[in-house]
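The values are calculated or read from the model by the stated rules, or taken from the named source; none is laboratory data. None of the values given here were measured: they were computed from a predicted structure. Please note: Cβ atoms are built from the backbone with ideal geometry, for glycine as well, and neighbour counts cover all protein chains shown. Just the protein is used for accessible areas: all its heavy atoms, side chains included, with ligands, DNA and RNA removed. Shrake-Rupley method; radii C 1.70, N 1.55, O 1.52, S 1.80 Å.
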Amino acid sequence: MSTDHRSAPRIRAFLAMSVDGFIAGEGEDLSWLPPPDPGGDDGGFGALLEHTGALLMGRRTYDVVAGMDIAWPYGDRPVLVATHRPLAPVAPQVRAVQGETAALVEQARVAAAGRDVYVDGGELVRAVLDAGLLDELTVTVVPVILGKGRPLGAGTNTRHRLNLVRHRVLPAGLVQLMYARG
């Protein structure tokens, strides 16, 4: 694990987005995402997880990830799934949570035990952003136009100014943008 001298854990989101602003295609389709880079560049996902103590995930996102034919990507980190429906956890560290956005984030902070919280899922990311609790947003732009799907920002309750912290070009023409709360 790398040394990190930040004073406080961050609430972070890490998303892929099409050029036209969608984070999922119609029907939660993610087939447009590029395969893993054969050179091993994971776009910073491994570094994100290295500093992550817990995940706060929307139910739709959880269902999509749980239904993928891959090994559980989050290791033994606690995964709190925001849902009002019964949840059949795919890993022992997965649990359902309910409540207002600030309370969900607080539960995730406690579960993270002094480390960062990774928020995943479009609606949940927008809610955390609207609550003024998102510290960092990393968006990896994938060179594809979907035309329809789930947009990243549609549905926020207010305008959010962000400050570009870093950008980089990744393999396969991807562009990664990291923003901090403005």
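Is the shape of the range 87-182 rounded, prolate or oblate, going by the alpha carbon gyration tensor and its root eigenvalues a ≥ b ≥ c, with a/c under 1.5 for rounded and a/b larger than b/c for prolate? Each step should come with its number before you reach the end.
Numbers: a/c = 1.61, a/b = 1.46, b/c = 1.10.
In terms of gyration-tensor shape, prolate.
To the nearest 0.05, how large is the calculated FRET efficiency for residue 76 and residue 106 if R₀ is 22 Å and r is the Cβ-Cβ distance?
Efficiency for this residue pair is about 0.55.
Please report the net charge: other residues with Cβ closer than 12 Å to the Cβ of residue 160, K and R +1, D and E -1.
+3
What net charge is computed for the residues neighbouring residue 78, neighbours being all others with C-beta under 12 Å from the C-beta of residue 78, Lys and Arg scored +1, Asp and Glu -1?
After counting each charged neighbour, the total is +3.
Express the accessible area of the chain per residue in Å², computed with a 1.4 Å probe while the remaining protein chains stay in the model.
53 Å²
Starting from 0.36 nm per residue, how many nanometres of slack lie between residue 98 and residue 177 once their C-alpha separation is accounted for?
Full extension of this stretch gives 25.4 nm more.
Give the shape of the chain as rounded, prolate or oblate, defined through the alpha-carbon gyration tensor: a ≥ b ≥ c are the square roots of its eigenvalues, a/c under 1.5 means rounded, and otherwise the shape is prolate if a/b is larger than b/c and oblate if not.
rounded
Ignoring ligands, DNA and RNA, what percent of the accessible area of the range 1-146 is carbon or sulfur (1.4 Å)?
On the range 1-146, the fraction of accessible area on carbon and sulfur atoms equals 56 percent.
Could you calculate the FRET efficiency of residue 32 with residue 166 from 1/(1 + (r/R0)^6), where r is the beta carbon distance between them and R0 is 35 Å, rounded to 0.05?
0.90
Just to confirm a number: summing +1 for Lys and Arg and -1 for Asp and Glu over residues other than residue 100 whose beta-carbon lies under 12 angstrom from that of residue 100, what do you get?
-2
Let me check something: with ligands and nucleic acids excluded, how do 161, 77, 109, 166 order by accessible area (1.4 Å probe), largest to smallest?
Sorted descending by solvent-accessible area, the residues read 161, 166, 109, 77.
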